[in-house]
Amino acid sequence: MSEPSYAPMPDDWERALVVVAHPDDLEYGGSGAVAAWTAAGRSVTYVLATSGEAGIDTLDPAECGPLREAEQRAAAAAVGVDPETGVEFLGHPDGLLTYGLPLRRDIAAAIRRHRPQLVVTSNHRETWPGGFLNQADHVAVGAATIDAVRDAANRWLFREVGEPWTGVRWIAVAGSPQSTHAVDIGPVFDRAVASLEAHRAYLAALGGDMAEPEPFLRRVAEQAATRLPGATLATTFELFAL
């Protein structure tokens, strides 16, 4: 029995907020959707819980963090996100993220600042598609973001971080093994590749298949497109409508 087709992502919105754990998290597929959205005139802002300072074994975190922040800003610019005003870092510790009130509060504050209709976050499930084990930081940020959307809408919660925002209409989880929707990224695939290529130091230290942006992203996007009618390259999301 063939798998069901993905539905197209909704497009009747103006502002999106992307919340992930580390530099490079969104560039492994999801940034192609950002490129498509900004090309259509929509506004996208990135919020990163950490600076990825523990992500390169050969670099001390004090050196690695600023380097990875700079690479993330370049990656954002490649897909039409303002590298200065459109990229924020929350300063939580890389590799040690914990689901809880401090993380929820900081994400809720970002939602109230930016007032998005669409919130995109990282995979909060225990595994990736194919059954590969997820990493704790991704799970913590994804779960905290889902809850922070509701926190941001409640005027009695986190009153010290701004006025409530009730305008989020969807939460989209990138890279979920339970994806339901997809975006055609064929016309902007080169920009998606460029966004991952911007993480030069990280990729050089990583090695392996995931350090080869074009073939890695193409393989994943071609697989996703088999379930999105009319597309040759796609990226997927698990979508929650609110």
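Data for the structure
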| item | result |
| --- | --- |
| Segment 84-137, residues that are of a type in the set (S, T, N, Q) and within 23 Å of residue 54 (Cα to Cα) | 98, 121, 122, 123, 127, 134, 135 |
| Some residue of segment 47-63 being buried (at least 21 other Cβ atoms within 10 Å of the Cβ), of a type in the set (S, T, N, Q) and touching an Asp or Glu at 6+ places or on another chain (Cβ under 8 Å) | yes |
| Check on residue 71, of a type in the set (Asp, Glu) and open to solvent by 20 Å² or more (accessible area, probe 1.4 Å) | no |
| When residues of segment 226-242 are limited to those that are over 22 Å from residue 127 (Cβ atoms) and without any contact (Cβ under 8 Å) to a residue 60 or more places away in the chain, the one surrounded by the most Cβ atoms within 10 Å (Cβ to Cβ) | 231 |
| Test: residue in segment 60-73 that is out of contact with any strand residue (DSSP E or B) (no Cβ under 9 Å at 6 or more places or on another chain), free of Cβ contacts under 8 Å to residues at least 24 places away in the same chain and either β-branched (Val, Ile, Thr) or over 25 Å from residue 194 (Cβ atoms) (or both) | yes |
| Breaking point among (1) over 13 Å from the mean Cα position of the chain (by Cα); (2) under 23 Å from residue 117 (Cα atoms); (3) at pLDDT below 95; (4) not aliphatic (A, V, I, L, M), for residue 29 | (1) |
| Considering residues of segment 88-116 that are assigned to a helix (DSSP H, G or I) and charged (D, E, K, R) only, the residue most open to solvent (accessible area, probe 1.4 Å) | 113 |
| Residue that is surrounded by the fewest Cβ atoms within 10 Å (Cβ to Cβ), among those in segment 23-45 that are in contact with a Lys or Arg (Cβ under 9 Å, 6 or more places away or on another chain) and more than 20 Å from residue 187 (Cβ to Cβ) | 45 |
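The values are calculated or read from the model by the stated rules, or taken from the named source; none is laboratory data. Bear in mind that the values here come from a model prediction, so they are computed numbers and not experimental data. Cβ sites come from the backbone with ideal geometry, for glycine too, and all protein chains shown count toward neighbours. The area values use the complete protein model at the heavy-atom level, side chains included, leaving out ligands, DNA and RNA. Shrake-Rupley method; radii C 1.70, N 1.55, O 1.52, S 1.80 Å.
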